[in-house]
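Each reported figure results from applying straightforward, stated rules to the coordinates on display, with no laboratory input. Just so it is clear, the model here is predicted, and its values are computed rather than measured. Cβ atoms come from the backbone with ideal geometry, glycine included; neighbour counts cover every protein chain shown.
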Amino acid sequence: MKKRLKIISRVMQLSMLGVAIAGPLTGNMTWLLAALFSLFISEVPSILRRDFRMVLPIGLNFWLVLALFLHVVGGYSGFYDNVAGWDHLTHAMTSSLMAALGFIVVVSVDKYMDSIRLPPAFLAVFIVMFTMAIGVSWELMEYAVDVLTGSHLQYSLDDTMIDLFFDSFAGLAVAAAGSYYLRTKSPDHFIEALNIEGATASLTDMRKKLG
Amino acid sequence: MALFFSTVYLVIRLDIMWAAFGASALCLLILPIIMTRDPFKAPPWEMALILVIPVFLHISSAWDPAEGAPMWWDDLTAIAFSLAFATVGFLLTVELQLYTDVRMNGSFALFFVFMFTVAAAGFWKVFEYVGGLVTGDPTIGDNADVMIFFVWTFVGGALMGVIYDLYVKALPESRKRALGFTRPQEVTE
């Protein structure tokens with residue numbers, strides 16, 4: 001299962017690379033930057049693993065690459081304009097991803113900062129609010145780009161609202177999954193799996209070397 | 001008291017969302033009194049004032065929404081709204097701290113107030129939108145209107161996060177004790 005997810009991730013990265021190469025060849029430059037940037041982001045977990053010894057769960061890694069893949073390849077193929085609901089799909093995926101990353105951050109904060117204590121019920125609320133806040137910031141960013149460059153990232157109020165609706169849905173889903181996870185397995189297990197301790201240790205190493 | 005009567009008024013008018021806002025703001029204001037059984041341990045009056053302003057603005061514009069409202073009216077209500085929601089977020093932070101297991105430090109509380117305000121604005125608009133679809137009477141204008149609203153809550157939320165952080169630091173010790181109010185990091189078991 002893990003192997004298969006890894007292979008699929010690689011295939012998706014390859015197709016993003018394909019978009020990055022095909023873009024300049026066919027004169028379609030719109031998605032070149034997005035493809036390159038997404039490729040870089042999809043490599044971030046490996047960079048974290050190599051330099052900071054931090055391990056993201058393989059499922060989350062897969063989800064990250066899948067979201068980027070759908071965005072870049074779908075965008076290049078014109079799915080945003082031709083396939084109904086495509087942007088809602090990618091929106092729900094990216095916002096669930098943000099929610100999952102937010103979940104990792106708050107669980108780690110809860111564990112490693114003595115002055116902060118966040119019970120699971122509060123964590124769930126936090127995740128839902130966090131996802132919605134990210135969603136709103138995202139829409140604001142789209143609006144800002146539209147106003148500054150005259151592009152059309154936002155189609156209409158209906159689209160924006162459905163985006164936000166999906167955001168809140170994704171936030172709820174991750175909050176539910178997260179609290180289920182924390183109830184069945186202890187947070188310590190989760191933290192150990194991420195190897196955050198190793199990550200902070202290598203960070204202090206680096207700081208020592210620099211200072 | 002003003003908040004109480006406006007909430008009753010909103011319930012009577014079946015203005016569900018604003019009634020819900022008024023009710024939750026009231027709960028947050030009254031909760032310390034109930035928990036400590038001391039009628040003077042209420043949150044500071046400044047906060048009650050900030051909470052009631054958007055409700056009043058809403059009520060007064062509800063009489064005649066289309067006519068005579070000046071250009072800056074929407075911006076004004078948006079700012080009042082963001083300040084009020086930041087206040088709700090702040091009261092929530094303090095009361096979570098006082099009455100539950102949740103512990104935050106100053107910077108986390110600051111971030112939480114900001115995040116809470118932005119997210120609340122998002123949920124608010126989605127609910128308004130869905131409400132508009134259900135009643136067939138859309139009330140939130142076009143995309144740009146909503147975005148301007150979000151910009152104000154974004155700015156207002158960030159600002160109020162910082163202001164409340166400074167506010168609790170600046171609050172005189174005597175008043176703090178009288179109100180039963182503490183800085184997030186000063187709460188101990």
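Under the classification rounded if a/c is under 1.5, otherwise prolate if a/b is larger than b/c and oblate if not, where does the range A:95-185 fall, given a ≥ b ≥ c as square roots of the Cα gyration tensor eigenvalues?
Values: a/c = 3.65, a/b = 2.17, b/c = 1.69.
Since a/c reaches 1.5 and a/b is larger than b/c, the shape of the range A:95-185 is classed as prolate.
With a point put 7 Å past each Cα toward its Cβ, work out how far A:GLU43 is from B:PHE111 in nm, to one decimal.
For the pair A:GLU43/B:PHE111, the computed spacing is 2.8 nm.
If r is the Cβ-Cβ distance from B:VAL155 to A:ALA84 and R0 is 45 Å, what FRET efficiency results, to the nearest 0.05?
Numbers: r = 35 Å, r/R0 = 0.77.
The value I calculate is 0.80.
Calculated FRET efficiency, A:VAL147 and B:MET17, Cβ-Cβ r, R0 30 Å, to nearest 0.05?
On the way: r = 28 Å, r/R0 = 0.95.
According to the calculation, E is roughly 0.60.
If we count other beta carbons within 10 Å of each Cβ, what is the order of A:MET129, A:MET12, fewest first? Don't skip to the end; give the middle numbers.
Details: A:MET129 24, A:MET12 21.
Placing the least packed residue first, the sequence is A:MET12, A:MET129.
For the pair A:SER179 and A:LYS3, how long in nm is the line joining their label points, each one 7 Å along Cα→Cβ?
In this crude label model, A:SER179 to A:LYS3 measures out at 3.9 nm.
Whole angstrom only: what separates the Cα centroid of the range A:124-182 from the Cα centroid of the range A:65-106?
11 Å
List every residue whose amide H lies under 5 Å from the amide H of B:ARG103, counting only residues 5 or more places away in sequence or on a different chain, with H placed 1.01 Å from N in the peptide plane.
A:ARG117, A:LEU118
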